[in-house]
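> Below is the structure I would like to discuss, written out as structure tokens.
Read-outs throughout are calculated quantities, based only on the coordinates presented, and are distinct from any laboratory measurement. Just so you know, these numbers come straight off a predicted model, no measurement behind them. Note that each Cβ is placed from the backbone with ideal geometry, even for glycine, and that neighbours are counted across all protein chains shown.
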Amino acid sequence: SKWYQRRVRAKNIDTSEPSRIFHEWMIKLHQGQGLDIYWRDHYICPTVEEYVDMVLKKTGGLMMLAFDLMYIFRRDAEEKGTGTMETKAGHHFLETFSKFFQIRDDYCNLWDVKYAANKSYCEDLTEGKFSWVIVQGILKENEIGTTQVMSILKQRTTSISIKKHCCKLLESLQVKSETHQYLQELEVDLRQQIESLGGNTLFSKIVDLLSADRIVTA
């Protein structure tokens, strides 16, 4: 992100509102991606709050960028005011959706049968990635004084048996069940927000397709 910030300053880029919004979100996206890589390469387990902040920047960045740009162009075309409340509601929805989408992806990476068939089995463990479920597992182990999950993550293993052992370990720590429950809670929140924003058939169908209850686990 520092490289991107220097480039923006060096080029003396247009300071109009669309340009400002574009560069602000691009910087945040770089920051989120950078944190994800930094934690992975230095074996640093983030807190839940740090993880969520990373997700809102990395996963939510492009969605927020698209929303903000579409909003200001529509606002200017209709010659309306700033619409602060409407913008906040839109941001809140996208923040919730970003968390739901990323945490669901992290969950599927370890337990979704279809995900394993289409990609590779538990590739987050091979990459040494601090996903939501891994972070939860490590934090739970910290409380009881064990370090098995972190030890397995550091191996960047390709061994199916070790990966299966890690999944069983996370299940015994209640990470799988609690993550599934949290996804259900986020899903309910998303549906309520869609309704409060006036309803949106397309987004409702997307939430239906991504529902945690549709995930087939081993």
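> With N residues in the chain, what two-decimal value do you get for its Cα radius of gyration over 2.2 N^0.38 Å? List each step's numbers first, then the result.
Values: Rg = 19.6 Å, N = 218, 2.2 N^0.38 = 17.0 Å.
For the chain, the normalised Cα radius of gyration comes out at 1.15.
> Over 32 Å between Cα atoms: which of 58/163; 28/164; 99/140 fall into that group? Write down the numbers at each step before the final one.
Values: 58/163 26 Å; 28/164 35 Å; 99/140 20 Å.
The pairs that break the limit, which is 32 Å between Cα atoms, are 28/164.
> Starting from the Cα of residue 189, step 7 Å along the direction of its Cβ; do the same at residue 73; then give the gap between the two resulting points in nm.
3.0
> Taking only C-alpha pairs under 8 Å that are 6+ residues apart, what is the relative contact order of the chain in percent? Can you show the working numbers first?
Details: 207 pairs, mean separation 42.5, N = 218.
Relative contact order comes out at 19 percent.
> Moving on to the next point. Between region 160-218 and region 126-148, what is the separation of their alpha carbon centroids in Å?
Using only Cα atoms to place each centre, the spacing works out to 19 Å.
> Also, quick follow-up: Under the classification rounded if a/c is under 1.5, otherwise prolate if a/b is larger than b/c and oblate if not, where does region 116-194 fall, given a ≥ b ≥ c as square roots of the Cα gyration tensor eigenvalues?
Values: a/c = 2.43, a/b = 1.47, b/c = 1.65.
Since a/c reaches 1.5 but b/c is at least a/b, the shape of region 116-194 is classed as oblate.
> Given only helices, namely DSSP H runs of n ≥ 4 each adding -39500 (n - 2.57), what is the per-residue ellipticity at 222 nm of the chain, to the nearest 500 deg cm²/dmol? Intermediate results must be reported in sequence, preceding the final value.
Working: 12 runs with 170 residues, N = 218.
Taking each H run of at least 4 residues, the total per residue is -25000 deg cm²/dmol.
> Right, here's the next one. So how do 140-153, 188-201 stack up, highest first, on mean other-Cβ count within 10 Å?
140-153, 188-201
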